[in-house]
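Enquirer: Right, I'll just put the structure down here and ask away after.
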Amino acid sequence: MVRLSKIYTKFGDGGQCMLGDGSTVPKTHIRVEAYGEVDEANSALGLAVIEAARAGAATGAMRDHLVGVQNELFDVGADLCSPITPGEKPGERLRIEKAQIDRIEALIDEYNTRLKPLNSFVLPGGTALAAALHVARAVTRRAERAATRLRAAEPERTNEHACVYLNRLSDLLFVLARVANIDHGGDVLWVPGASREHTPSE
C-alpha cells in the first residue's frame, strides 16, 4: 500500500533520487529516465481517456481498456524503478509478466478486425481521440527506447517484459487511433511530397 503524507521531502534538491530498492542514483541516471518516460506516456494516455469519454458510448469499451493500461503503466514504472537483484524470488517485486503482454496482443487482434489493411502511412490526426492516441503512442515509443537503452546497459537488472510491454502498447495505441477514425472519414493518409513544387516535364 502506498501512503503519501507529505508531497515534498527536499531529498532530491541535490540532484539525487531513491530507487524502489532504496539505492540512490543521480536524477540523470538512465533508469530514472526510463521510468520517467513511462510516467509521461501515462500522462499522455490520460488525455486519450478523457477524449474517449467525450466521444460517447461507442468508445466506452475503449476507454475502459485505456484505464486498464494506465494502471499497468504504473506497474511498468514500478518494475523499472526497482533493479532486479541477485536471487530475487518470483513475486518478491512487482514485475511485468508475459500474461500482461498477451492481454495487449489480444486487444490488438480484437480491434484490428475492424480495420482495412493499410496501403500508406497514417498521419496523426482525424478526431480529437485519434490525435490524443497518436500522441500517447509517440510518447510510449520514446519510453520504450529509454527502457531498451536501460536494458542494454543493465541487462541482468532490467525486466525484458517491461520493454516488450511498451512495444506492444505502442502498437495497440496505433490500432486504436485508426479505430477512432472509422466513423469520421477513416484514416488520414500521408501523401508523399504533397506540398513539393513540381517542375513541368520538358
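The values are calculated or read from the model by the stated rules, or taken from the named source; none is laboratory data. As the structure is a computational prediction, the values presented were derived from the model and not from experiment. Cβ placement follows ideal geometry from the backbone for every residue including glycine, while neighbour counts extend to all protein chains displayed. Note: accessible area is taken over every heavy atom of the protein model, side chains too, but ligands, DNA and RNA are not part of it. Shrake-Rupley method; radii C 1.70, N 1.55, O 1.52, S 1.80 Å.
Enquirer: State in Å² the accessible area per residue of region 33-176; use a 1.4 Å probe, count heavy atoms of protein chains only, and round to the nearest integer.
Expert: With all protein chains present, region 33-176 gives 50 Å² per residue.
Enquirer: Separate question: In Å and on Cα atoms, what radius of gyration and Dmax does region 87-162 show?
Expert: In Å, with Rg to one decimal and Dmax whole: 16.6, 50.
Enquirer: Here is a follow-up. Distance between Cα centroids, region 145-169 to region 51-116: provide it in whole Å.
Expert: Result: 15 Å between the Cα centres.
Enquirer: Another one. Mind ranking SER82, SER120 by accessible surface for me, highest first, 1.4 Å probe?
Expert: Of SER82, SER120, the descending order of accessible area is SER120, SER82.
Enquirer: Further question: Tell me the Kirkwood radius of the chain: reciprocal of the mean inverse pair distance over distinct alpha-carbon atoms, in Å.
Expert: Over the chain, the inverse of the mean reciprocal pair distance is 18.7 Å.
Enquirer: Using only Cα atoms, what Kirkwood radius does region 104-202 have, in angstroms?
Expert: 15.5 Å
Enquirer: Report the one residue of LEU115, GLY12, LEU94 whose Cα lies farthest in the direction of the positive end of the charge dipole of the chain (charges on C-beta: Lys and Arg +1, Asp and Glu -1; origin at the Cα centre).
Expert: GLY12
Enquirer: Would you kindly state how much longer the chain becomes between LEU94 and ALA153 on full extension, computed as 0.36 nm times their sequence separation minus their alpha carbon distance, in nm to one decimal?
Expert: 19.1 nm
Enquirer: For region 113-202, which whole-number percentage of the solvent-accessible area (1.4 Å probe, protein heavy atoms only) is attributable to carbon and sulfur atoms?
Expert: After summing per-atom areas, the C and S share lands at 53 percent.
Enquirer: With charges only on Cβ, +1 for K and R and -1 for D and E, what is the dipole size of region 15-108 about its Cα centre, in debye, rounded to 20?
Expert: 80 debye
Enquirer: Something else now. Let me have the 222 nm mean residue ellipticity of the chain computed from DSSP H runs of 4+ only, each contributing -39500 (n - 2.57), with the sum over all residues rounded to the nearest 500.
Expert: Roughly -19000 deg cm²/dmol at 222 nm, from the helical runs in the chain.
Enquirer: What is the sum of charges around GLY125, taking Lys and Arg as +1, Asp and Glu as -1, for the other residues whose C-beta is under 14 Å from the C-beta of GLY125?
Expert: Summing Lys/Arg as +1 and Asp/Glu as -1 gives 0.
Enquirer: Using a Cα-Cα cut-off of under 15 Å, which aspartates and glutamates could be cross-linked to LYS116, ignoring same-chain neighbours fewer than 8 residues away?
Expert: In chain and number order, the partners are ASP183, ASP187.
Enquirer: I've got another one for you. Ordered by residue, what ³J(HN,Hα) values in Hz, to whole numbers, does region 146-157 give under the Karplus form 6.51 cos²θ - 1.76 cosθ + 1.60, where θ = phi - 60° and Gly and Pro are x?
Expert: Those phi angles translate into 5, 5, 5, 4, 4, 5, 5, 7, 9, x, 7, 10 Hz.
Enquirer: Also, quick follow-up: Please report, as a whole percent, how much of the solvent-accessible surface of region 57-107 comes from carbon and sulfur atoms (probe radius 1.4 Å).
Expert: Accessible surface attributable to carbon and sulfur in region 57-107 totals 59 percent.
Enquirer: Is there a quick way to get the dipole size of the chain? I mean about its Cα centre, with the Cβ of Lys and Arg at +1 and of Asp and Glu at -1; what is the value in debye to the nearest 20?
Expert: 360 debye
Enquirer: At 0.36 nm per residue, minus the direct Cα-Cα distance, what do LEU123 and ARG142 gain on full extension? Give it in nm, one decimal, please.
Expert: 5.0 nm
Enquirer: Here's a follow-up. Which whole-Hz ³J(HN,Hα) couplings does region 186-192 yield from phi under the Karplus relation 6.51 cos²θ - 1.76 cosθ + 1.60, θ = phi - 60°, glycine and proline marked x?
Expert: Karplus-based 3J(HN,Hα) across region 186-192 equals x, 4, 8, 9, 6, 10, x Hz.
Enquirer: Give the accessible area for LEU19 in Å² (nearest 10); use a 1.4 Å probe, count only protein heavy atoms, and leave out ligands, DNA and RNA.
Expert: Surface accessible to solvent at LEU19 totals approximately 10 Å².
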